[in-house]
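These notes concern the structure reproduced below.
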Amino acid sequence: MGRFYLTTAIDYSNGEPHLGHAVEKIGADVIARYRRACGDDVHFLIGMDEHGQKVEREAAKNDRSPSEWVDAIAEAFQEAWRRLTISHDDFIRTSEERHRRGVTHLMRRIAENDDLYPATYEGHYCAGCEAFKKDDELEDGQCPLHPQREIEWTEEANWFFRLSEYTEPLLRHYEVNPDFIRPAKRRNEILRFVEAGLDDISASRSRIRWGIPFPSDEAHTVYVWFDALSNYITAVGYPDDPAFDGRWPADLHIIGKDITRFHCVYWPAMLMAAGIELPATVWGHGFLNIGGAKLSKSGGTELDLLELVARHGPDALRYFLTREVPWDGDRDYASVNDFIEQFDRRYTTDLANDLGNLVNRVVSMVAKYREAPADGSAAGPLAERAARALEGYRDAMDAYLLHRGLAAAFDLIAASNAFVDEMKPWALAKAEREGADPAVLDATLGQLIGAIGTTTAMLTPFMPTKAADMWRALGGDGEPPAFDELETSMRTLEAVRPGAVLFPRPEET
Ligand SMILES: [Zn+2]
């Protein structure tokens, strides 16, 4: 227990939010809500990366000034996160004054460490990556990540960062801190890259106006990656807000696997150069692919994020994406239709049938057969099963394997449904009326209420609104309990509240 600071990549302001952005924000939100339920003091940061060449050009193409353009994009992203009930504590935009001050200070510190020098850069630049590219990073003269975009030949005066000096310190850091880069696949990629030796990199651009002035040379702007990465410290008060020491270092940076090099190599080297502690873990998640291509604006798919949220509600989309896209890997769909079919199928099968029916059946039976609430702490085989499921869930969630945590919750749902079929509470009620011991039905209903209570706690980070509805149906008050309050709360349930339809079938909506 303690403080927990987590961040996501800040999103680039060159287009509308799409499903790919949502996968990352939902996963991060699940972790933030899970840590809060564990009792941690969580600080959850997201935001926008608003500077650079791509934004400057996109604004011009749309007849807007860069600042008008980024304001509109930031609003669209914030609206999407509201619709998905993302529970961030702060939303930073790199065009903000608090960020500019922090970046200016950071670049001065790096300069004082003698890690910046002027030189001329000559080579390829991919505006899609906002990165310089070496010949061996190109395929047929194109950026492999942006094959549809023209690669540019650039020749300009830059300030360079002595990244090459950090090859050994970085390798030592990775060795001493095996959890610095996760999952293991991402760690191995970075190890191979750094072991080959690092070259110095540009820290400024002299031809981009839409950015933060380079402190010692205002003819330049700070290179957009130096600018963007710094958001993780400027948002929590770097350099001079006393709150900074209470938040930094971050416990977890969540990013896409395509930007691990920036976060696991450049960023820790920048922090070392400025004498700032390094974050504990960088997690490079995989992608949702459709027809073999990563979802992105330039990839162009007809999946509209807000339409998907509206299709079965925000919790259903949060469930579907965290269940289907392994948090440590990729998930491929053959086509947009395939994606929609799987979404509808899981909504009906997992949510409406397995989960919705279970809650509905059990709550109705308790209301029908018992005047007092069922004792959710009743012992027996299902109660043991619930305790084991919760343990497996917490191990998975502590390791950030969200899809496994969710699978543990649904294993318990399946076991609970099987328990209803096996125990046949309606038959037990009939036997009771004919003189059988009421303790059997008491223990059966009590274990079912207990298992649904445990399920509710496990689902709260994933489906916060539906979990609150479940908790109310069980007879709980307020929000579902934190993990260490679960047992006590189960003993103080009031009468069940039957009748709520958690997941209406599409034809009923
Ligand atoms: Zn590129």
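The values are calculated or read from the model by the stated rules, or taken from the named source; none is laboratory data. In this text, all values refer to a predicted model and were calculated from it rather than measured experimentally. Cβ atoms come from the backbone with ideal geometry, glycine included; neighbour counts cover every protein chain shown. Just the protein is used for accessible areas: all its heavy atoms, side chains included, with ligands, DNA and RNA removed. Shrake-Rupley method; radii C 1.70, N 1.55, O 1.52, S 1.80 Å.
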Listed residues THR120, THR94; which is touching a helix residue (DSSP H, G or I) at 6+ places or on another chain (Cβ under 8 Å) and under 30 Å from GLU152 (Cβ atoms)? THR94
Single residue of ARG64, ARG98 found to be surrounded by fewer than 22 Cβ atoms within 10 Å (Cβ to Cβ) and in a helix (DSSP H, G or I): ARG98
Quick one: in the stretch 75-95, of everything that is part of a loop (DSSP other than H, G, I, E, B) and among the small types (Gly, Ala, Ser), which residue is surrounded by the fewest Cβ atoms within 10 Å (Cβ to Cβ)? SER87
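Residue-by-condition table, conditions (1) within 25 Å of GLU189 (Cα to Cα); (2) without any contact (Cβ under 8 Å) to a residue 40 or more places away in the chain:
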site	(1), (2)
ALA274	no, no
GLU277	yes, yes
LYS294	yes, no
GLU302	no, yes
LEU317	no, no
VAL325	yes, no
ASP330	yes, no
Kindly establish whether ASP71 is free of Cβ contacts under 8 Å to residues at least 24 places away in the same chain, at positive phi and either open to solvent by less than 50 Å² (accessible area, probe 1.4 Å) or assigned by TED's automatic domain parsing to the domain that holds TYR238 (or both). no
Has the stretch 192-214 got any residue that is in a strand (DSSP E or B) and in contact with a Cys (Cβ under 9 Å, 6 or more places away or on another chain)? no
In the same structural domain as SER364 (by TED's automatic domain parsing), in contact (Cβ under 8 Å) with a residue 60 or more places away in the chain, open to solvent by 30 Å² or more (accessible area, probe 1.4 Å) and over 22 Å from GLY475 (Cβ atoms): does that describe ALA414? yes
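Here's the yes/no breakdown for (1) in contact with a Cys (Cβ under 6 Å, 6 or more places away or on another chain); (2) away from the ligand (no atom under 16 Å from the Cβ); (3) under 20 Å from PHE160 (Cβ atoms); (4) not in a helix (DSSP H, G or I):
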| residue | (1), (2), (3), (4) |
| --- | --- |
| MET48 | no, yes, no, yes |
| LYS54 | no, no, no, no |
| ILE73 | no, yes, no, no |
| ASP136 | no, no, yes, no |
Taking the stretch 225-259 and keeping only residues that are open to solvent by 10 Å² or more (accessible area, probe 1.4 Å), touching a residue at least 60 places away in the same chain (Cβ under 8 Å) and assigned to a helix (DSSP H, G or I), one is left with TRP225, GLY246, ARG247, LYS257, ASP258, ILE259
If we keep only residues of the stretch 138-154 that are touching a Gly at 6+ places or on another chain (Cβ under 8 Å) and open to solvent by 40 Å² or more (accessible area, probe 1.4 Å), then the residue nearest to the ligand (Cβ to nearest atom) is LEU145
Residue pairs within 9 Å by beta carbon, gap of at least six or interchain, first lying in the stretch 137-162 and in the same structural domain as HIS220 (by TED's automatic domain parsing) and farther than 13 Å from HIS124 by Cβ, second in a loop (DSSP other than H, G, I, E, B) and of a type in the set (Phe, Trp, Tyr), listed first then second, are ASN158/TYR223; TRP159/PHE214; TRP159/TYR223; PHE161/TYR223
Could you check, for the stretch 104-124, whether at least one of its residues is within 16 Å of the ligand (Cβ to nearest atom), hydroxyl-bearing (Ser, Thr, Tyr), surrounded by 12 or more Cβ atoms within 10 Å (Cβ to Cβ) and assigned by TED's automatic domain parsing to the domain that holds VAL224? no
Among the residues of the stretch 434-470, count how many are part of a helix (DSSP H, G or I), surrounded by fewer than 22 Cβ atoms within 10 Å (Cβ to Cβ) and either of a type outside the set (A, V, I, L, M) or without any contact (Cβ under 8 Å) to a residue 24 or more places away in the chain (or both). 7
Would a scan of the stretch 183-198 turn up a residue that is more than 16 Å from the ligand (Cβ to nearest atom) and closer than 25 Å to ALA219 by Cβ? no
